[in-house]
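Everything below concerns the one structure shown next.
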Amino acid sequence: MKKSLFYFLLFACQVVFGQSKYLKDVLPFPLGAAVNPRLLAAQPTYREIVSSEFTGLTAENHMKMMLVHPDADRFDFSKGDEILQLAQKEHKRMHGHTLVWHNQVPKWMNEYKGDAAAWEHMLKNHIQEVVGHYRGKVTGWDVVNEAFLDDGSLRPSIWAKNIPDYIAKSFQWAHEADPTALLFYNDYGQDGKPKKMAAILQMVKELKARNIPIHGLGLQMHINIHSKKDELETIINQSSATGLAIHFSELDVAVNPKNDSTFVNTTETQHAQLQRFEWVFLAYLKIPKNQQYGITFWNVTDGDSWLRSYFKRPKEFPLLFDETYLRKPMYDQLVQKIADAK
Ligand code: XIL
């Protein structure tokens, strides 16, 4: 029997015999997932989980510069559009990720030669073509991703090097292309990095003072079972004190952050992970309602987690669904805890 058929049957059994409440149904905000169009097309069970469990979608990769703008004179929206069509068909919110980043930049941009005006024109064109293509269809955009280092300095990148004030300009350009889209600054690892957090808050303050449209902060939330709750609480409070919309944009909770090859996911580590997930959702519910943009998981199942593929960490189990596409035992407990807390 084909592996995918086997998983589908297992999954169907869970649906028929044991499926209880959905996490999305106990949440007053959208629950998203970063998705991969190849898996959506090839894996019916993956597709089914995406359809039934989530109310928002983010393209894991297919709206990034490298994929959407492979050549200077060519855009490729085909895969991003596939994800958007699924979102539209199933009335899910589409979140745009990401317009300006130092990673996954196409070769032609990395090798681009020109003066400041030419660089500006190039980036403005990129942003406005992409945002324009999805105008009115994508609710919010991660306009700038990961622009600061842990010490609070601006991360060196082709953008920082060639375009003065590139962050403010990017927000402005995105706003011109879709005045209704919510515009986010997105970053990771602010917890325990007060200088990085301070730089982000300072940026928000300056953008607001200059009337540059910024509407939200994305906290990626790639955390692990040892992440310190007090440090997370601090950055959540500081972020929400800006009054901006808050998106936990890339949630996963690593159980084996040091990538120990002999790691076994015991009941203890599973329990520690459940407690972190509970903590994250309850902390999010304390953010003022009008600032709750939503929580998005980075990937769907342990098997398709970027921690396994990108970081080559085969013994990592960071999500709510296991690699056979089943809800993990903690799923129901998480739902219950959230339902009880409301
Ligand atoms: C990751 C994807 O999951 C991988 O498939 C890709 O190879 C690299 O990028 N922060 C982000 C995301 O903002 O875009 C990253 O996604 C994960 C870290």
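The values are calculated or read from the model by the stated rules, or taken from the named source; none is laboratory data. Every value quoted in this text rests on a predicted model; they were computed, and no experiment measured them. Neighbour counts run over all protein chains shown; Cβ positions are idealised from the backbone, glycine included. Only protein heavy atoms, including side chains, enter the accessible area calculation; ligands, DNA and RNA are left aside. Shrake-Rupley method; radii C 1.70, N 1.55, O 1.52, S 1.80 Å.
Before moving on, here are some points about what is shown:
- Scanning region 82-104 for residues that are more than 13 Å from Lys137 (Cα to Cα) and part of a loop (DSSP other than H, G, I, E, B) yields a count of 5.
- Residues located in region 175-192, provided they are open to solvent by 70 Å² or more (accessible area, probe 1.4 Å), more than 17 Å from Ile295 (Cα to Cα) and either acidic (Asp, Glu) or within 16 Å of the ligand (Cβ to nearest atom) (or both): Glu176
- Verdict on Leu285 being open to solvent by less than 30 Å² (accessible area, probe 1.4 Å), at pLDDT 95 or above and of a type outside the set (Gly, Ala, Ser): no
- Qualifying residue in region 320-330 (condition: polar (S, T, N, Q) and within 13 Å of the ligand (Cβ to nearest atom)): no
- Pick from region 33-59, criterion more than 15 Å from Ile295 (Cα to Cα) and of a type in the set (Val, Ile, Thr), ranking: farthest from the ligand (Cβ to nearest atom): Thr45
- When each of His95, His62 is tested for being within 11 Å of the ligand (Cβ to nearest atom) and buried (at least 18 other Cβ atoms within 10 Å of the Cβ), the lone residue that passes is His62.
- Flag if Pro213 is within 16 Å of the ligand (Cβ to nearest atom), closer than 26 Å to Thr98 by Cα and out of contact with any Gly (no Cβ under 9 Å at 6 or more places or on another chain): no
- Of all residues making up region 217-261, the number that are part of a loop (DSSP other than H, G, I, E, B), of a type in the set (Asp, Glu) and within 16 Å of the ligand (Cβ to nearest atom): 0
- Of all residues in region 130-151 being closer than 17 Å to Gln172 by Cβ and assigned to a loop (DSSP other than H, G, I, E, B), the one that is nearest to the chain's Cα centre (by Cα): Ala147
- Single residue of region 267-284 satisfying the filter (over 17 Å from Tyr188 (Cα atoms) and touching a residue at least 60 places away in the same chain (Cβ under 8 Å)) that is nearest to the ligand (Cβ to nearest atom): Phe281
- Close contacts from region 125-152, counting a first residue that is over 22 Å from Gly32 (Cα atoms) and a second that is acidic (Asp, Glu), with Cβ to Cβ under 8 Å and a gap of 6+ residues or different chains, come to Gln128/Glu176; Gly132/Asp178; Ala147/Asp187; Phe148/Asp187.
- Among the residues listed as Lys79, Lys89, the single one being at pLDDT 95 or above, within 14 Å of Asn61 (Cβ to Cβ) and open to solvent by 30 Å² or more (accessible area, probe 1.4 Å): Lys79
- Neighbours by Cβ (under 8 Å, 6+ apart or cross-chain): first from region 98-118, at positive phi and within 12 Å of the ligand (Cβ to nearest atom); second polar (S, T, N, Q) and open to solvent by less than 60 Å² (accessible area, probe 1.4 Å): Gln104/Asn61
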